[in-house]
Each structure stands twice: as C-alpha cells, then as structure tokens.
Amino acid sequence: MMYSSRRKPVLYFKDDRSFLSRKCTVWKLFGLCMLFVLGSLLWVQLTCSGGMSQTVGSSHLPHQPCPVERQSSSADDPSWGPHKMALIVPFRERFEELLVFVPYMHAFLNKKKIRHKIFIVNQLDHFRFNRASLINVGFMESGNDTDYIAMHDVDLLPQNEDLDYGFPKEGPFHVASPELHPLYHYKTYVGGILLLSKKHYQLCNGMSNRFWGWGREDDEFFRRLKTADLKLFRPTGITTGTKTFRHIHDPGWRKRDQKRIAAQKQEQFKVDPEGGLTNLRYKVESRQEVTISGAPCTVINTFLECDLSLTPWCQSS
C-alpha cells in the first residue's frame, strides 16, 4: 500500500510520538553543546592572538602566550651562541604576575635567540622581603652552565624587541635605564633589569644583605659598581621612551613594604663594604622544575637567615 510523502511519517510513528519528542530533544542538546564548544575555541583563539587582554586591578596586563603546543620550548639552543643567561627573579607571593612574566619572557628571549634559564627565587621565611639576598641566592644556585645573570623584577616586561639582553662583555648593562623606565628616572638608578657577567658580579661581592623591606639595595649596588671600577652601559637608539616597558604591579592590590624600623632609617644610606656573597646565609628548602604555559622555569624555595644583632629590622616589628 502506497502513502503520500506527507502522511507516511505520521502513520509510521503513530504509536511512538514520545520517542520522536525525545529524539528531537537529544538533537537540540547536541546542537547547544556544539555551539558552546565552538564559542570556547573562539574565545581561546582571541585570547592567544591578542584580541582580548587581561587586567589585574587597574594594571593592564599583556595577553599570555598561547597554549603549550604553540609555545616554543627552546631556551638552550647552542647555535644561538656561546653565552647563556641566568634570569634571576626575586619573588614572594606575586603569583598573578609570575603567570604572565614567565611565558612572556621565555617567548621574548627565544625570539631574540638568547640562551637562558629562568630562576624564580621564592622567599619562604617570615622575615621581611629581601630582594638583594634573593638575587645573591639565585647567583649561587644558577649552576655552571650560565655565564651571566639578569637581575629582573617580575613586574617589568620589555615591549621593545630592540632591547639588548645579550652577554654584557664590556661591563654591566642596565636594560631598564632611567630614561626608559616607566617610574624611576634618577641618574644613579640601576634597578628593574640589570645584566652582569658572573665574573663582574663576583667582583662586586654580589649585593648587600642588609636591605630588608622595599628599596635602597639598588642604590647601594650602584656604589659597588663604582668601587669595582666597572663602567655602566645603557641602551642607545631606543625611541619608545617610557613605553619601552610595561609595569604590571598594582600598588592598590599589593602594597610595598616601605617601613623604616629603628636604625634602618640611618643605615639605609650607608655603604656595606663587607656584606654580600661572603656573608649570605640561606637554606634551599626545595627546587622545582615548573612549566607555565609551555615556558620552563626553576623555582628555588628559600629560607633566608637574619642576624638580629646586625639587622634587627628584618622583622616587621
């Protein structure tokens, strides 16, 4: 018996209308799931390509590099040259900045073909933050396969690819020079990003360990460079001015420890002629090889020691 095309489905499903309803519902759900998946993939693509950006507080952060499969893992290609940098980051609790910094710097240095290894020196003790001592620890723990260091703040990202991160054979090279840094512009400033050969850092006996809390350790190190008769070099031909770096620290969210306790008010301006690598006291609790968005780094979890008879201001009160 023949049926018209309009009636045949009705007769065929006349006893199973509930099945038809369920089948349509399943297809609708499948279609919604596919739309969600496609939307998610589009969002990831926009994020990786820079179509979207991230913000932390009021600070505008650059987009993070794309997922692992698109992030080059090269950091030690011998064809890039004989020198290898130990990029040392003094660190405590600023994880949101670290998640941006490590992939960004790894990609930046790879593009410039700079052999490198990133060391995150993480202060675990309960003393006040000591940037200089953590840099000293990074120097001591960086191994024999690197021949120069970059003292690098975690909240400062280079935006100009003409900046030189190569081996500073002529002398210390201050990448974040006063005319380029977004915040600090005095002539003796050597903070932010400073490159030195390991030989020159050793000649300075590292940095002073007396500076607990925020600030002044760079100014004292500038005097060490002069004492060691080392000529300081800075970038030339950079036309991007104070937009050369992006400063991603949010002072409203994470305030700096600028307290000056007891004799620290007077001691902060003095030169420390004996302190440095020779009187550094610390303990490495653990070393962890970590990958962030495909970018490798070594986290050195560190306990610093403080001689209360010499620097009682290492404690908050």
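The condition (being assigned to a loop (DSSP other than H, G, I, E, B) and either touching a strand residue (DSSP E or B) at 6+ places or on another chain (Cβ under 9 Å) or over 21 Å from E96 (Cα atoms) (or both)) is satisfied by just one residue among N136, N144: N144.
Taking the stated definitions as given, is T244 open to solvent by 20 Å² or more (accessible area, probe 1.4 Å), among the β-branched types (V, I, T) and at pLDDT 95 or above? No, not satisfied.
Summed over segment 260-284, the residues that are at pLDDT 90 or above and open to solvent by 100 Å² or more (accessible area, probe 1.4 Å) give a count of 2. Only residues that are in contact with a helix residue (DSSP H, G or I) (Cβ under 7 Å, 6 or more places away or on another chain), of a type in the set (S, T, N, Q) and open to solvent by 10 Å² or more (accessible area, probe 1.4 Å) were counted in segment 117-127, giving 0. For segment 190-219, the candidate set comprises residues that are aliphatic (A, V, I, L, M) and more than 20 Å from the chain's Cα centre (by Cα); within that set, the residue that is least open to solvent (accessible area, probe 1.4 Å) is M207. Y104 passes every criterion in (1) at pLDDT below 95; (2) open to solvent by 10 Å² or more (accessible area, probe 1.4 Å); (3) not polar (S, T, N, Q) apart from (1). The residue of segment 295-317 that is surrounded by the most Cβ atoms within 10 Å (Cβ to Cβ), among those that are of a type in the set (G, A, S) and at pLDDT below 95, is S316.
When segment 147-185 is filtered for residues that are of a type in the set (D, E, K, R), under 24 Å from L230 (Cα atoms) and in contact with a strand residue (DSSP E or B) (Cβ under 8 Å, 6 or more places away or on another chain), the ones remaining, listed by number, are D147, D153, D164, K169, E170.
Of all residues in segment 173-189, those satisfying the criterion of being in a loop (DSSP other than H, G, I, E, B) and within 21 Å of the chain's Cα centre (by Cα) are V175, A176, S177, P178, L180, H181, P182, L183, Y184, Y189. Annotation: R70 fulfils all but one of (1) out of contact with any strand residue (DSSP E or B) (no Cβ under 7 Å at 6 or more places or on another chain); (2) at pLDDT below 95; (3) surrounded by 18 or more Cβ atoms within 10 Å (Cβ to Cβ); the unmet one is (3). Once segment 128-152 is narrowed to residues that are more than 17 Å from the chain's Cα centre (by Cα) and free of Cβ contacts under 8 Å to residues at least 60 places away in the same chain, the residue that is least open to solvent (accessible area, probe 1.4 Å) is G143. Got at least one residue in segment 217-226 being in a loop (DSSP other than H, G, I, E, B) and of a type outside the set (D, E)? Checking segment 217-226: not a single residue is in a loop (DSSP other than H, G, I, E, B) and of a type outside the set (D, E). Is there a residue being touching a residue at least 12 places away in the same chain (Cβ under 8 Å), over 20 Å from G294 (Cα atoms) and either among the small types (G, A, S) or not in a loop (DSSP other than H, G, I, E, B) (or both) anywhere in segment 94-105? Within segment 94-105 (the criterion being touching a residue at least 12 places away in the same chain (Cβ under 8 Å), over 20 Å from G294 (Cα atoms) and either among the small types (G, A, S) or not in a loop (DSSP other than H, G, I, E, B) (or both)), the answer is no, since none of the residues qualifies. Somewhere in segment 169-183, is a residue without any contact (Cβ under 8 Å) to a residue 12 or more places away in the chain and either within 21 Å of L280 (Cα to Cα) or crowded, with 22+ Cβ neighbours inside 10 Å (or both)? Within segment 169-183, none of the residues are without any contact (Cβ under 8 Å) to a residue 12 or more places away in the chain and either within 21 Å of L280 (Cα to Cα) or crowded, with 22+ Cβ neighbours inside 10 Å (or both).
Take segment 153-167 and flag every residue that is farther than 13 Å from R246 by Cα and open to solvent by less than 10 Å² (accessible area, probe 1.4 Å). If the condition is that a residue be farther than 13 Å from R246 by Cα and open to solvent by less than 10 Å² (accessible area, probe 1.4 Å), then L163, Y165 are the ones that fit.
The values are calculated or read from the model by the stated rules, or taken from the named source; none is laboratory data. Bear in mind the structure is a predicted one, so any value in this text is a computation, not a measurement. All Cβ positions, glycine included, derive from the backbone under ideal geometry; neighbour counts span all protein chains shown. Areas reflect the complete protein model, heavy atoms only, side chains present, ligands, DNA and RNA absent. Shrake-Rupley method; radii C 1.70, N 1.55, O 1.52, S 1.80 Å.
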